[in-house]
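The values are calculated or read from the model by the stated rules, or taken from the named source; none is laboratory data. Keep in mind that what you see is a predicted model, and the values were worked out from it rather than measured. As a convention, Cβ positions derive from the backbone with ideal geometry for all residues, glycine included, and neighbour counts pool all protein chains shown. Only protein heavy atoms, including side chains, enter the accessible area calculation; ligands, DNA and RNA are left aside. Shrake-Rupley method; radii C 1.70, N 1.55, O 1.52, S 1.80 Å.
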Amino acid sequence: MKTRIIAQSDPIAADATLEIIRSGGVVAVPTDTVYGIACAVDNPDAIKQLYLIKERDALKAIPVLVGTHRQSENLATDFSKAANKLAERFWPGALTIIVEKNPVLPAELTIYPTVGLRMPDYAWLLELMQACGPLAATSANISGAPSPATAEEVLAQLDGRVELVIDGGRCEGGIPSTVVDCSQSQINILREGGISAEDILKTVSLN
């Protein structure tokens, strides 16, 4: 496979990305944290490709990016009070919220009864998802390797593995999202990233 590179500023960038996603392909795109690889959330074969591209353990679930709060509601069976507080405070932003998943989601996405959702603070990507729907997405690196902050860093690891890389320059965040499990009665901070654990706990404790 030959990997194409298109500048995000190119007028054809969005249409080229949508064409690949809708045809069951995988693309690499910039976000507000790091570059990610993404595909349609309802395409099992494309999700399998994400795992192959990353050489990712099947025991590690694939998170989902959403473009609107309505999309997140459709992907979950229930949003807890804590999840709603965190989404209202930190979305769009560097926060992944784990909730009980809607059973219609492909089993390939995650073997668990939960799913991680995030709304990126990245206008181009939000607009894209308003056109194509939520995206199964994970960092654009081989598992265990550094997460890429530039298109060049994506190519260094994934050249020939993905159909398209959208070059949006250096990602401003540069660090992965914070991950909070809100699927139980008590929240559990699984990874501290772009948002501090202190800010998470303060938000959840607010009346």
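What does the charge dipole of the chain about its Cα centre add up to, to the nearest 20 debye, if the Cβ of each Lys and Arg holds +1 and the Cβ of each Asp and Glu holds -1?
340 debye
Mind jotting down a quarter of the surface of the convex hull over the alpha carbons of the range 47-101, in square nanometres, one decimal?
The orientation-averaged projected area of the Cα hull of the range 47-101 comes to 4.4 nm².
Accessible area per residue for the chain in Å², computed with a 1.4 Å probe and the full protein assembly in place, what is it?
Here the residues of the chain average 47 Å² of exposed surface.
Starting at the first residue of the range 17-29, write each ³J(HN,Hα) from the Karplus equation 6.51 cos²θ - 1.76 cosθ + 1.60 with θ = phi - 60°, in whole Hz, x for Gly and Pro.
5, 4, 4, 5, 4, 5, 8, x, x, 10, 10, 10, 9
Explain nothing, just compute: Karplus ³J(HN,Hα) = 6.51 cos²θ - 1.76 cosθ + 1.60, θ = phi - 60°, for every residue of the range 3-10 in order, whole Hz, x for Gly and Pro.
7, 8, 10, 10, 5, 4, 6, 5
Summarise the accessible area of the range 159-207 (1.4 Å probe, protein heavy atoms) by the percent that is carbon and sulfur.
Accessible surface attributable to carbon and sulfur in the range 159-207 totals 43 percent.
For the range 13-73, which GluC sites (Glu not before Pro) pass both filters: DSSP loop (anything but H, G, I, E, B) and at most 14 other C-beta atoms within 10 Å?
E55
Please state the relative contact order of the chain as a whole percent: Cα pairs under 8 Å, 6+ residues apart?
Contact order relative to length: 32 percent.
Along the charge dipole of the chain, Cβ charges K/R +1 and D/E -1, which of V162, P148, S196 sits furthest on the positive end?
Positive-most Cα among the choices belongs to S196.
Pull up all non-local amide H partners of I98: gap of 5 or more, or a different chain, and H-to-H distance under 5 Å with H placed in the peptide plane.
Amide H neighbours of I98, under 5 Å, 5+ apart: L117, V180, D181, C182.
What would the Debye formula give as log10 I(q)/I(0) at q = 0.11, 0.12 Å⁻¹ for the alpha-carbon point model of the chain, no solvent?
Taking Cα atoms of the chain as identical point scatterers yields -0.46, -0.55.
Using helices alone, I'd like the mean residue ellipticity at 222 nm for the chain: each DSSP H run of four-plus residues gives -39500 (n - 2.57), total over residue count, nearest 500.
-9000 deg cm²/dmol
What residues qualify as long-range amide H neighbours of L164, i.e. H under 5 Å apart, gap of 5 or more or another chain, H built at 1.01 Å from N?
The answer is R4, A28.
Apply the a/c threshold of 1.5 to the C-alpha gyration tensor of the range 102-147 and tell me whether it is rounded, prolate or oblate.
Verdict is oblate for the range 102-147.
Rounded to whole Hz and in sequence order, give me ³J(HN,Hα) for the range 142-159 from the Karplus expression 6.51 cos²θ - 1.76 cosθ + 1.60, θ = phi - 60°, writing x for Gly and Pro.
5, 3, x, 8, x, 6, x, 9, 9, 5, 5, 5, 4, 4, 4, 9, 10, 4
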